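Have a look at the structure below, then the notes.
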Amino acid sequence: MIETGLIGKVVVVTGGAAGIGLATARRFAEENCRISVWDRNAPPPDLAADFQQTDVSETASVAAATAAVLALWGRIDILINNAGILRDAQLARVKDGAVTATMSDEMFDAVIDVNLRGVFVCTRAVVPAMIAAKSGVILNASSVVGLYGNFGQTNYVASKAGVIGMTKTWSRELGKYGIRVNAVTPGFIATEMVKAMPEKVLQSMRDHTPLGRMGETSDIANAYVWLASDAASFVHGAVIPVDGGIVVGT
């Protein structure tokens, strides 16, 4: 049996109040970690976690959350940059040869602020404590669409492709301090939001996935736990697909 080395670790999960983030927080709690959820909304009361009401795109908000966790536990061992939003629209919608709508500045900026700037702001805030400790793990949520694009998601794809670029850059910069940095690229995951979509859409997602099913939030959470554990101690700068083979099937 491989020891995970996770007992007692301090884990920050951004966007940890729901969906993949909540599943991730619960999974690390099962490993007897100390959890801090950074989100605009509080997680369910049954999750034994510290909660910091945080806007990940705002430097002051993230600085306050970081200081609070360090005051509480004295260190941050693992950062899961999970927080993300969607504001989907075509770059230019055309009807009868005329452009009838475009993706607005507000839609583009909102997604970039949370999904890309948020990863930068949170990592920048946490890294000094990890450098001082000469150890740490940073895990970033990208997406398969960051690898191959997706219709109607210029902003989301740009943010997730950017996360991959930052992951590779930080792996070069931070490895010498004992800090491992990796990214996960989920495919179609059956979050509550996704499961509320029409059955026709859900079946299309299944049909496009070679394993013939959608992923569960636990699939992503388990990947994060493995990447954070001692079992993955030589995995660094990697982009790990957890997608049921959808990139292969594309």
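The values are calculated or read from the model by the stated rules, or taken from the named source; none is laboratory data. Owing to the predicted nature of the structure, the values given are computational and were not obtained by experimental measurement. Don't worry about glycine lacking a Cβ; one is built from the backbone with ideal geometry, like all the others, and counts go over all protein chains shown.
Each residue in the stretch 178-202 was checked for being surrounded by fewer than 19 Cβ atoms within 10 Å (Cβ to Cβ) and among the aromatic types (Phe, Trp, Tyr), and 0 of them qualify.
Residues checked against (1) assigned to a helix (DSSP H, G or I); (2) surrounded by 23 or more Cβ atoms within 10 Å (Cβ to Cβ); (3) over 16 Å from the mean Cα position of the chain (by Cα):
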site: Phe151; (1), (2), (3): no, no, yes
site: Thr169; (1), (2), (3): yes, no, yes
site: Lys176; (1), (2), (3): yes, no, yes
site: Ser204; (1), (2), (3): yes, no, yes
site: Pro210; (1), (2), (3): no, no, yes
site: Ser218; (1), (2), (3): yes, no, no
site: Gly244; (1), (2), (3): no, yes, yes
site: Val247; (1), (2), (3): yes, no, yes
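In the set (1) among the aliphatic types (A, V, I, L, M); (2) touching a helix residue (DSSP H, G or I) at 6+ places or on another chain (Cβ under 7 Å); (3) outside any loop (DSSP other than H, G, I, E, B), Ala29 fails one condition alone, (2). Contact annotation: residue pairs with Cβ atoms under 6 Å, 6 or more positions apart or on different chains, pairing a residue in the stretch 112-137 that is over 20 Å from Gly237 (Cβ atoms) with a partner that is part of a helix (DSSP H, G or I) and among the β-branched types (Val, Ile, Thr), are Val121/Thr59; Val121/Val62; Ala125/Val62; Ala125/Thr66. For Thr14, the criteria (1) among the polar types (S, T, N, Q); (2) modelled with pLDDT under 95; (3) in contact with a Cys (Cβ under 8 Å, 6 or more places away or on another chain) hold in every case but one, which is (2). Pull out all pairs, ordered by first then second residue, where Cβ-Cβ is under 8 Å, the residues are six or more apart or on different chains, the first lies in the stretch 209-224 and is touching a residue at least 40 places away in the same chain (Cβ under 8 Å) and closer than 16 Å to Ile78 by Cα, and the second is polar (S, T, N, Q) and surrounded by 15 or more Cβ atoms within 10 Å (Cβ to Cβ). Between residues of the stretch 209-224 that are touching a residue at least 40 places away in the same chain (Cβ under 8 Å) and closer than 16 Å to Ile78 by Cα and residues that are polar (S, T, N, Q) and surrounded by 15 or more Cβ atoms within 10 Å (Cβ to Cβ), the close pairs are Ile220/Thr24; Ala221/Thr24; Tyr224/Thr24.
Among the residues of the stretch 44-102, those that are surrounded by 23 or more Cβ atoms within 10 Å (Cβ to Cβ) and part of a strand (DSSP E or B) comprise Ile78, Leu79, Ile80, Asn81.
Failed condition for Arg124, given (1) within 24 Å of Ser229 (Cβ to Cβ); (2) part of a helix (DSSP H, G or I); (3) of a type in the set (Lys, Arg), with all others met? For Arg124, the exception is condition (1). The set of residues in the stretch 1-21 being part of a helix (DSSP H, G or I) and under 16 Å from Ile78 (Cβ atoms) consists of Ile20, Gly21.
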